[in-house]
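Laboratory data are not the source of any read-out in this text; all were calculated from the coordinates shown. Just so it is clear, the model here is predicted, and its values are computed rather than measured. Quick reminder, even Gly has a Cβ in these numbers, built from the backbone with ideal geometry, and neighbours come from all protein chains shown.
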Amino acid sequence: MQYYQPQTLIYHDGKFVSASATQIDLFGQSLHYGFAAFEGIRAYQTDNGTRIFKAKEHYLRLQKSCELVGLPYPYDTQDLINASYELLQVNKLKDAYIRPLVYADANMTLIAPQESKLMIAAWEWGAYLGNKQIKVGISPFQRPNPKSTFIEAKISGHYVNSILATTHAKRHGYDEALLLDANGFVAEAPGANIFMEKDGKLFTPALGNILPGITRSTIMDIAHRLDIPVFEAAITPAELKAADAAFFCGTAVEIIGIHTIDDHVFKARWADTLGATIASAYKNLVLEKENFEVII
Ligand code: PMP
């Protein structure tokens, strides 16, 4: 996968500069210790032009992630949204994935830095896990204990846990992993949240051990609009396997149905599930279709 071409520009320290000519310091604290915060945002080509979905929510989460861990964040949300639109324009991107990263420069200590840098990159990226139902394996890796970090922050270092889980899952023949929390309850995927459907209702793990996904909360809004009951609850792996259906959701994966968890096959046909209904409404919403909740 090529993330940039010779002519690609990124937004770095307030300027649009060449992606291939930009250098970072090999003594960076972020590189050595994973002390950085980032976002994953999508822009869609809609009937109203290219629109960045939930741009404000993503940049506010970036700010919150930085504030929680003590990465300086001297940025204005609207300025960053404007810069993101400009970035799409200068790179002639319409449907794109946008990746802001706040990072620390040279600093080999374990003390939060006095200054940070920000870069925003964008590239074309299809649905991260494709659009067929996936095989999921419950991971031997747990999500980080929320008492060991700010699990609600999107911090680079947390993604070592994600890489371990996904790599292990793929080596064992699965498309993706599902991680449990430190108490053995269902938490989330390495880069997505999870919902399960049981008897016409949706259930999703409560906040506390997971990243509060923007897609997760969008789905909860859509479900309310569609009169689908949603509950935030502690879910055991056995309860998940006894569900009618389940799906992962996130900016990169969008909404993707789960075919199997370990050896267990879900009963319902994906097309007949609440997840499929919500996936259509989600697609309409990101594309700014009027009456997005009306599924035809
Ligand atoms: N959990 C984790 C660990 C993630 O990395 C992501 C992707 N950001 C999500 C959940 C989904 O979050 P969102 O819907 O905001 O993209």
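The table below gives the values:
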quantity: Taking the stretch 101-209 and dividing mean pair separation by its residue count, relative contact order in percent (alpha carbons under 8 Å, at least six apart); calculated: 23
quantity: Residues of type lysines that Lys147 reaches as a straight line, Cα spacing below 27 Å, ignoring anything fewer than 8 places off in the same chain; calculated: Lys64
quantity: Formal net charge of residues neighbouring Thr204 (Cβ-Cβ distance under 9 Å; K, R +1; D, E -1); calculated: 0
quantity: At q = 0.14 Å⁻¹, base-10 log of I(q)/I(0) for the stretch 1-133 (Debye sum, equal scatterers on each alpha carbon); calculated: -0.66
quantity: GNM flexibility winner over the chain from Ala21, Ala83, Ala242 (Cα, springs under 10 Å); calculated: Ala21
quantity: Computed P(r) (all Cα pairs; the stretch 227-296; 5 Å bins; percent); calculated: 3, 14, 22, 23, 21, 9, 6, 2, 0
quantity: Cα-derived Rg to Rh of the stretch 66-210, Kirkwood definition; calculated: 1.01
quantity: Alpha carbon convex hull of the stretch 122-279, projected area averaged over orientations, nm²; calculated: 9.0
quantity: Spherically averaged projected area of the stretch 170-237 from its Cα convex hull (nm²); calculated: 5.2
quantity: Cα-based radius of gyration of the chain once divided by 2.2 N^0.38 Å, which approximates compact folds; calculated: 1.01
quantity: Rule-of-thumb Rg ratio for the stretch 82-143 [Cα; 2.2 N^0.38 Å; N residues]; calculated: 1.68
quantity: Per principal axis, descending, Cα span of the stretch 73-113 in whole Å; calculated: 41, 18, 13
quantity: Relative contact order (%) - criterion: Cα under 8 Å, at least six apart; region: the chain; calculated: 18
quantity: Note, ³J(HN,Hα) from phi for the stretch 39-47, Karplus 6.51, -1.76, 1.60, rounded to Hz, x at Gly and Pro; calculated: 9, x, 10, 10, 10, 10, 7, 10, 4
